[in-house]
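Please read the structure below before turning to the comments.
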Amino acid sequence: MQKQIEQTVNYLKSKGIDLPEIGIVLGTGLGKLVESISIEWQLDYTEIPNFVSSTVEYHKGKLIYGTLQGKKVLAMQGRFHFYEGYSMQQITFPVRVMKALGVKYLLLSNAAGAINLNFKKGDLMLIDDHIDLLPNSPLVGLKDDAQGPRFTDMSAPYSCKLNTLLKQIALEQHITLYEGVYAALKGPNLETRAEYRYLKLIGADAVGMSTVPEVLVANQIGLACAAISVLTDECDPANLQPVNIPEIIAIAAKAEAKLITLYTQLINELA
Ligand code: HPA
C-alpha cells in the first residue's frame, strides 16, 4: 500500500502538483463545482497509476488540480463505489494519496435519498454522523502503522470546525442545510419499502451508496472532513414510487449551486 501511494504521489508531483490544501470529492450529478476552479491540469483516472476507473456514467472520472478562492485544491470529479466491484481499499486509495500530498481538509458530497420525511428533495443535508451498513471496510486487512491506527476512533467522524463553519455560511447565504445521519448501503439496487422503514427506525435521515468508506479512511489518517448530501428523492415507504434515475440526476444538478456556494465560501474562510 505504502509503495503504491508513493508511486502515485510521485507521478502527480511530476505533473507539477504543489501542496494542495483541500481535497474535494464530487458525487453523482455533482461535477459542476470544478467550473469554479482555476484549473492547472486535469487527468483522467485511467492515466493515474494505481487509480481504478470510474464506471458510473454520471461520474466524469477526472482528477483536477487548481486554485479555488486562492487555495490549492485537488478535486475528484466522480468517485469510486463498492458496487462497481472494486475493493474498499481501491475506492479509498485517492484519500490516502491526498493526505500524502499534503491535503488538510477533505470535502465530500453525494446524492442521497431522504429517509427523514421532514427533509425535502432538492435540499441539502450536512452529515453529522453516519451508520455504516456496507459489507466491508477499507480498514479491514490493513496492518500498517504508517496508515494510522487499526482501531480507528469514530466518536466524531465529521469535523466539528468544518460543520460549524458550514452551518454559519448556510445561515448567511439563506441556504436550507439540514443536519442528520447518513446510512451507507452497498447498492447498486435501490431499497425496498421494508428497508426504508428499517433505516428510519435505526435513526438514519438519509441513505446512499458512498462517502462512508472515504470518511473511515480520513479518520484513520487524521484528515479533517465534512460531507454534504444533496437529497434527490424522498424515501416514503407509504407512497414509494419506482426509482427515476434521470430525475435524481436532474435534482442533484439543480441543487448543486447551493453546494457550490457552501463549499466555495468554506474554502474562502479556511485559514
Ligand atoms: N437510495 C435511495 N435514494 C437515493 C439513493 C439511495 O441510495 N441515492 C440517491 N437517492
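Bear in mind that the values in this text are calculations on the coordinates, not laboratory data. None of these values were measured; they are calculated from a predicted model. Cβ coordinates were reconstructed from backbone atoms using ideal geometry, including for glycine residues, and neighbour counts include every protein chain displayed.
Treating only the Cβ of Lys, Arg, Asp and Glu as charged (+1, +1, -1, -1), what charge dipole size does the range 154-256 show about its Cα centre? Round to the nearest 20 debye.
240 debye
Of the peptides 253-263, 194-204, 218-228, how do they stack up when ordered by the mean number of other Cβ atoms within 10 Å, highest first?
Per-residue mean Cβ counts within 10 Å order the peptides as 218-228, 253-263, 194-204.
With both bridge residues required to lie in the range 78-235, what share of the DSSP beta bridges run antiparallel, to the nearest 5%?
Given both bridge residues lie in the range 78-235, the antiparallel proportion sits at roughly 20 percent.
Identify, among Ile169, Ala112, Ile5, the residue whose Cα sits farthest towards the positive end of the charge dipole of the chain, taking +1 on the Cβ of Lys and Arg and -1 on the Cβ of Asp and Glu, with the dipole about the Cα centre.
Ile5
For the chain, calculate the relative contact order in percent as a whole number, restricting contacts to Cα pairs under 8 Å that are 6 or more residues apart.
26 percent
Is the range 9-161 rounded, prolate or oblate when judged by the Cα gyration tensor, a ≥ b ≥ c being the square roots of its eigenvalues, rounded requiring a/c under 1.5 and prolate requiring a/b larger than b/c?
It is rounded, given that a/c, with a ≥ b ≥ c, falls under 1.5.
Treating only the Cβ of Lys, Arg, Asp and Glu as charged (+1, +1, -1, -1), what charge dipole size does the chain show about its Cα centre? Round to the nearest 20 debye.
Here the size comes out at about 340 debye.
Find out how many positive minus negative residues lie around Asn268, taking Lys and Arg as positive, Asp and Glu as negative, among other residues whose Cβ is under 13 Å from that of Asn268.
In short, -2.
Which peptide among 21-28, 232-239 comes first, and what is the full order, when sorted by highest mean count of other Cβ atoms within 10 Å?
Ranked from most to least packed, the peptides come out as 21-28, 232-239.
Given 4 °C and 1.567 mPa s, compute D for the range 56-136 with the Stokes-Einstein relation, Rh being the Kirkwood radius over Cα pairs; round to the nearest whole µm²/s.
Once the numbers are plugged in, D ends up at 85 µm²/s.
Compute and list, largest first, the equivalent-ellipsoid semi-axes of the range 81-217 from the alpha carbon gyration tensor, each √(5λ) rounded to a whole angstrom.
25, 21, 13
Pull up the DSSP beta bridges for the range 1-87 and report the antiparallel fraction as a percent, rounded to 5.
Of all bridge pairs located within the range 1-87, approximately 70 percent are antiparallel.
Nearest 5 is fine: what % of DSSP beta bridges in the chain come out antiparallel, could you say?
Given both bridge residues lie in the chain, the antiparallel proportion sits at roughly 40 percent.
Would you mind calculating the gained length between Lys143 and Glu6 on full extension (0.36 nm times residue separation, minus the Cα-Cα distance), in nm to one decimal?
Taking 0.36 nm per residue and subtracting the Cα distance, the gain is 47.6 nm.
List residues of the range 119-144, by number, whose backbone nitrogen lies under 16 Å from a label position 7 Å along Cα→C-beta of Lys161.
Under cut-off, by backbone N: nothing.
For the chain, what does the alpha-carbon gyration tensor say about shape, rounded, prolate or oblate, given a ≥ b ≥ c as the root eigenvalues, a/c under 1.5 as rounded, and a/b over b/c as prolate?
In terms of gyration-tensor shape, prolate.
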